[in-house]
Structure formats: C-alpha cells, structure tokens
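Data first, discussion second: the structure below is written as structure tokens.
The values are calculated or read from the model by the stated rules, or taken from the named source; none is laboratory data. Nothing here was measured: the structure is a model prediction, and the numbers come from that model. Note that we place each Cβ from the backbone using ideal geometry, even for glycine, and neighbour counts take in every protein chain shown. Surface accessibility is based on the protein's heavy atoms, side chains included, excluding ligands, DNA and RNA. Shrake-Rupley method; radii C 1.70, N 1.55, O 1.52, S 1.80 Å.
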Amino acid sequence: QVQLVESGGGLVQAGGSLRLSCAASGGTFGIYAMAWFRQAPGKEREFVSAISWSGGSTRYADTVKGRFTISRDNAKNAVYLQMSSLKPEDTAVYYCAAREGYYSSTTTAYDYWGQGTQVTVSS
C-alpha cells in the first residue's frame, strides 16, 4: 500500500511559479509510474503530467506543455511538478497519483492517490 502526500500549493499571482512535491511511502517507489492530475471546482479531474518509473519518459497535457516540468527523485521517494508562467485557469486542487507499470493519462489507471494540494492563481 502506497501513501502519497502532496505539498507546495498556495496562492500566486499570474505569471508566477510554484513547485509541488509529492512524498511517497509504504511501497517500492521505483516501480511506480507517477502522475499529477488537477480538479477545478465544478469540473472533472484532468491529467496534467506523468513520468515513468525511471524518469526517462514524461508526458504533458497540451494546456501545460512548455510551462510545467515533472521530475522525480527515487532516492527520496518523491515526485515534483515545477509550474511556471501560471495562469488563473491553472487554479485547481492538484493530486499526485501512482500506478505500477507504464504511465497513463487516465484517472482510472491509477491505484494510489494523495489528498491534494490547492493551487490558486490570481489575475
């Protein structure tokens, strides 16, 4: 059983940056593909970014490509999301997720989820 805890959310002005972290425990972190999803009020949870177990492969939603960077440190059991050039439409609760095997952009593919961290971007 893997436990995931996100941190790093907050309030930032448009154009600013934030770095989200997700700390994993209770499993063999290095075998899990990791992903970030987000959910805005009244909307479905949507894919943001994913990274393979080795960190050698990544994927981004078109809406964040070129602005967000996902990375991981298997020695620290952590995955990160560096967010830059933030826009008000990036406002959402951001969730970290894990699954064995290759990454996916669908929520149902992930077995483990964190509790989420709020990101609010003011205009």
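Applying the criteria of a DSSP loop state and at most 12 other Cβ atoms within 10 Å to the GluC sites (Glu not before Pro) of the stretch 17-123 yields Glu44. Within straight-line reach of Lys87, meaning a Cα separation under 25 Å, sit the following lysines at least 8 residues removed in sequence or on another chain: Lys43, Lys65.
Working ranking of peptides 21-27, 107-113, 31-37 by packing, defined as the average number of other Cβ atoms within 10 Å per residue, highest first, is 31-37, 21-27, 107-113. Protein heavy-atom accessible surface, 1.4 Å probe, per residue over the chain: 49 Å². The label-point distance for Ser71 and Ile31, in a model that sets each label 7 Å from Cα toward Cβ, rounds to 2.7 nm.
By how many nm would the segment from Lys43 to Ser105 grow when fully extended, if each residue of separation counts as 0.36 nm and the alpha-carbon distance is taken off? Can you show the working numbers first?
Working: separation 62, 0.36 × 62 = 22.32 nm, distance 1.66 nm.
So the chain would gain 20.7 nm between Lys43 and Ser105.
With N as its number of residues, the chain has a Cα radius of gyration that, divided by 2.2 N^0.38 Å, comes to 0.97.
Could you size up the charge dipole of the chain around its Cα centre, putting +1 on the beta carbon of Lys and Arg and -1 on that of Asp and Glu, and report it in debye to the nearest 20? Rounded to the nearest 20 debye, it is 200 debye. Extension gain for Leu11-Thr58 works out to 14.3 nm (0.36 nm per residue, less the C-alpha to C-alpha distance).
Of all the accessible heavy-atom surface of the chain, with the other protein chains kept in place and a 1.4 Å probe, what percent is carbon and sulfur? Show your work: numbers first, answer last.
Values: 2830 of 6000 Å².
Ligands and nucleic acids excluded, carbon and sulfur reach 47 percent.
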